[in-house]
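Written out below as C-alpha cells is the structure these notes cover.
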Amino acid sequence: MNRLLQKELGEIFRVQMQPYFPGVMMTVTFVRVTSDLSLARVNLSLFPEPAAGKAAVLKEIKQHAAEIRFLLGQKVRNQLRILPQLQFFIDDTLDRVARIDELLAQ
C-alpha cells in the first residue's frame, strides 16, 4: 500500500501539481500508512531549493491537500477501499547528508 500511494502521489506531483510550483521538482521519497489505514505520512524531497523556502512550499502543499487527496482517490479507487488522510513533510535527508560530509571534510 505504501508503494502504491508513493507511485501515484509522485505522478500527481509531477503532472497535476507542477503549475503550482514552477521550477521545483518534487519527489515523493516515501509514504508510511498507519496500521488502521487512517493516515498516510508523505515525505517530499524538493530540488532545487525553492527561492521562497521549503516551509513556504510545504504550506502551499498543505493548502492543496484536499485536491491532492481527491486526485489520489481517482487513481486508486479500484485498489483501495479506504483512502487515508494525507500528512505532508519535507524530507531533509539530503541536507543531513551534506552536513555530515561537510563535518567529515573538516
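One residue is enough: does region 75-93 have a residue meeting the conditions acidic (D, E) and touching a residue at least 60 places away in the same chain (Cβ under 8 Å)?
Here is the first cut: in region 75-93, the residues acidic (D, E) are 91-92.
Now narrow it down to the ones that are touching a residue at least 60 places away in the same chain (Cβ under 8 Å): 91.
Looking for residues that are acidic (D, E) and touching a residue at least 60 places away in the same chain (Cβ under 8 Å), one finds at least one in region 75-93, hence yes.
Report whether or not P48 is more than 16 Å from F88 (Cα to Cα) and without any contact (Cβ under 8 Å) to a residue 24 or more places away in the chain.
no
Rule-based calculations on the coordinates, nothing more; no lab input. Because the structure is predicted, anything quoted here is derived from the model rather than measured. Neighbour counts are summed over all protein chains in view; Cβ atoms, including those assigned to glycine, are modelled from backbone coordinates with ideal geometry.
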